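Working notes, structure below.
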Amino acid sequence: MKSRLKSDLLLFVAIVLVAVAIFAITTAMKSDGKAVVITLNGSTYTEADLSKNVEIDVDGLLTVVIDGGEVYVKDSTCPDGLCERSGAISKSGESIVCLPCGVVVKITADEPEYDFIN
């Protein structure tokens, strides 16, 4: 009985260590974003540079704010407001998704093809 408990404990510790290692590696590999791409119902709505502070109204559905290199959703018309509570993102590959509105806000490491001018 003790040997089975010991092997279960070793397996649990190994799984936790692998999970922590994977998390540390993926976190360290994320680079600072340079642009934000906003898509509406699968089509690119706009792209903007993260170095510029701007508020973007996405077709009256929600307001995306770029401030100090971070992006967050300020206001949304969706009933649950999860996109508003998701917080700010700034690293390449991070995203905010609002399913009821059909909007995806994603950070990329590439320079924007064009800048949104409000």
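Details
- Scanning the range 62-74 for residues that are open to solvent by 50 Å² or more (accessible area, probe 1.4 Å) and at pLDDT 90 or above turns up Asp67, Glu70, Tyr72, Lys74.
- Ala48 being modelled with pLDDT under 90, open to solvent by less than 80 Å² (accessible area, probe 1.4 Å) and out of contact with any His (no Cβ under 7 Å at 6 or more places or on another chain): no
- Here no strands (runs of 3 or more DSSP E) wholly within the range 1-58 include at least 1 residues being of a type outside the set (A, V, I, L, M, F, W, C) and more than 20 Å from the chain's Cα centre (by Cα).
The rows are residues; the columns are (1) in contact (Cβ under 8 Å) with a residue 40 or more places away in the chain; (2) of a type outside the set (Lys, Arg); (3) in contact with an Asp or Glu (Cβ under 9 Å, 6 or more places away or on another chain).
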| residue | (1), (2), (3) |
| --- | --- |
| Leu5 | no, yes, no |
| Ala14 | no, yes, no |
| Asn41 | yes, yes, no |
| Asp49 | yes, yes, yes |
| Leu61 | yes, yes, no |
| Gly93 | yes, yes, no |
| Lys106 | yes, no, yes |
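- Any hit, the range 72-94, residues being among the charged types (D, E, K, R) and touching a Phe, Trp or Tyr at 6+ places or on another chain (Cβ under 9 Å): yes
- Lone unmet requirement of (1) assigned to a loop (DSSP other than H, G, I, E, B); (2) touching a Ser or Thr at 6+ places or on another chain (Cβ under 7 Å); (3) open to solvent by 60 Å² or more (accessible area, probe 1.4 Å) for Cys101: (3)
The values are calculated or read from the model by the stated rules, or taken from the named source; none is laboratory data. Just so you know, these numbers come straight off a predicted model, no measurement behind them. A quick note on method: Cβ atoms are made from the backbone with ideal geometry, for glycine too, and the neighbour counts reach across all protein chains shown. Protein only, heavy atoms only, side chains kept; ligands, DNA and RNA dropped before computing areas. Shrake-Rupley method; radii C 1.70, N 1.55, O 1.52, S 1.80 Å.
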